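The next block holds one structure in the form of structure tokens; read it before the comments.
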Amino acid sequence: MTSLRRSAKAWSAMGAVGNGLLADDGASDMQARTLLWRRVGSAVFYGAASFMITVVNKTVLTTYKFPSFQCLALGQMFATIIVLYTGKKLGIISFPDLESSTLRKIWPLPIIYIGNVTFGLGGTKELSLPMFTALRRFSILMTMVAEFYILGVKPSMAVQFSVYTMILGAIIAASNDLAFTAEGYTFVLLNDFFTATQGVFMKKKLDSKELGKYGLTYYNALFMVIPSFLFAFSLGEIDRALEFPDWGNMMFLCQFLLSCIMGFILSYSVILCTHYNSALTTTIIGCLKNISVTYLGMVIGGDYIFSWVNFIGINFSVIGSLVYTWVTFRRKEPPTSKPLLSSVTNV
């Protein structure tokens, strides 16, 4: 009887262990599914926000001919500060209070943030949407290189192939630009540089968990709104904006305010997508939304000049974007990485 009791206890213990393992497996599967949905959801949210703000900005700057993209950037910064500050005061969100060390913790993101916003709006104003989206593909290659040297992330061969495909398509499209402007090309290429840099440093700052998603968004805007205002004022942009004749036009006013609000939503969606995915994924999701923006841009603004070479190049680049998206979201393991290079300083 004693041996039977011992056997029963042993089987009971084994059963408990087995149930524990099954419970752990079930919890692990649930966490994996939750993480997948967050990755996909944050990417879709960013794509939708990026699409909306591109169309609205183009309408404000080109269709209505609003004279100052710097003032539109200021409006987006003010909206970001007001929304986040109000949310914190109401207890809806939380982020650390302003301290003497906050600027050091967030640096150099404020400079990168204002460069990204300003040159992005400048490129939107100066170029047709199809050409703007084609040239935006260069930000992907910049992001991939920056991730390797700053974050130590080495992309797979499939990812590299898709990126090179997009770049080749962008070069083909840009080779036959019938509405070339040096100013527009300069703006969009600087926008590419700041987009790539922002994604990489944002990932690094989010991993440190010092300020969080809301803190990074709030202090980026807070530290740059006054310098940006003074810079715009010195260039006469504030006066040009105040003299704009359509301030009494309700349709324009609604779209201007929508652009300001969407600026905050886009900033938050960038941080969310970068947090749950990677800087490179965030950049390419931004280019994926250009699939619809490209074709819609042929009629919005009225500044696109069609050519077959340009059209083929854009579609070739889109194929590369689709391949990358498929490769990224079927990947179950995080990309291989190594410690940050010793030459990279903590900022």
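The values are calculated or read from the model by the stated rules, or taken from the named source; none is laboratory data. Note that the coordinates shown come from a computational prediction; the quantities given were computed from them, not determined experimentally. Positions of Cβ are generated from backbone atoms using ideal geometry, with glycine treated the same way; all protein chains shown enter the neighbour counts. Quick note on the areas: whole protein, heavy atoms, side chains included, nothing else; ligands and nucleic acids left out. Shrake-Rupley method; radii C 1.70, N 1.55, O 1.52, S 1.80 Å.
This table checks each residue for (1) over 24 Å from residue 219 (Cα atoms); (2) aromatic (Phe, Trp, Tyr).
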site: 60; (1), (2): yes, no
site: 75; (1), (2): no, no
site: 86; (1), (2): no, no
site: 107; (1), (2): no, yes
site: 111; (1), (2): no, no
site: 136; (1), (2): yes, no
site: 143; (1), (2): no, no
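Looking only at residues in region 288-300 that are surrounded by fewer than 20 Cβ atoms within 10 Å (Cβ to Cβ) and closer than 19 Å to residue 63 by Cβ, the one that is modelled with the lowest pLDDT is 300.
When you check residue 261 against the structure, is it at pLDDT below 80, under 22 Å from residue 80 (Cα atoms) and among the aliphatic types (A, V, I, L, M), yes or no? No, not satisfied. Do the conditions hold for residue 272, that is, is it out of contact with any strand residue (DSSP E or B) (no Cβ under 8 Å at 6 or more places or on another chain) and farther than 30 Å from residue 156 by Cβ? Spelling it out, it is not the case that residue 272 is out of contact with any strand residue (DSSP E or B) (no Cβ under 8 Å at 6 or more places or on another chain) and farther than 30 Å from residue 156 by Cβ. Looking only at region 128-142, decide whether some residue is among the basic types (Lys, Arg), within 24 Å of residue 214 (Cβ to Cβ) and at pLDDT below 80. No, that holds for no residue.
None of 94, 100 is farther than 30 Å from residue 322 by Cβ, of a type in the set (Ser, Thr, Tyr), touching a helix residue (DSSP H, G or I) at 6+ places or on another chain (Cβ under 9 Å) and not in a helix (DSSP H, G or I) except 94. Taking region 58-74 as the range and being open to solvent by less than 20 Å² (accessible area, probe 1.4 Å) and among the aromatic types (Phe, Trp, Tyr) as the test, only 66 passes. Residues that are open to solvent by 10 Å² or more (accessible area, probe 1.4 Å) and of a type in the set (Lys, Arg) within region 127-148 comprise just one, 136. Of all residues in region 41-66, how many are over 14 Å from the mean Cα position of the chain (by Cα) and among the β-branched types (Val, Ile, Thr)? Counting residues in region 41-66 that are over 14 Å from the mean Cα position of the chain (by Cα) and among the β-branched types (Val, Ile, Thr) gives 6. Which condition breaks for residue 83 when tested against (1) assigned to a helix (DSSP H, G or I); (2) without any contact (Cβ under 8 Å) to a residue 60 or more places away in the chain; (3) open to solvent by less than 70 Å² (accessible area, probe 1.4 Å)? Result: residue 83 passes all but (2). Taking (1) polar (S, T, N, Q); (2) at pLDDT below 80; (3) open to solvent by 20 Å² or more (accessible area, probe 1.4 Å) in turn, residue 282 satisfies each apart from (3). Whether a residue is open to solvent by 20 Å² or more (accessible area, probe 1.4 Å) and within 18 Å of residue 264 (Cα to Cα) was assessed, and residue 118 passes this test. For region 103-144, filtered to residues that are touching a helix residue (DSSP H, G or I) at 6+ places or on another chain (Cβ under 7 Å) and among the small types (Gly, Ala, Ser), the residue that is nearest to residue 163 (Cα to Cα) is 139. Quick one: in region 98-115, of everything that is surrounded by 18 or more Cβ atoms within 10 Å (Cβ to Cβ) and within 19 Å of the chain's Cα centre (by Cα), which residue is farthest from residue 291 (Cα to Cα)? Checked region 98-115; the qualifying residue farthest from residue 291 (Cα to Cα) is 106.
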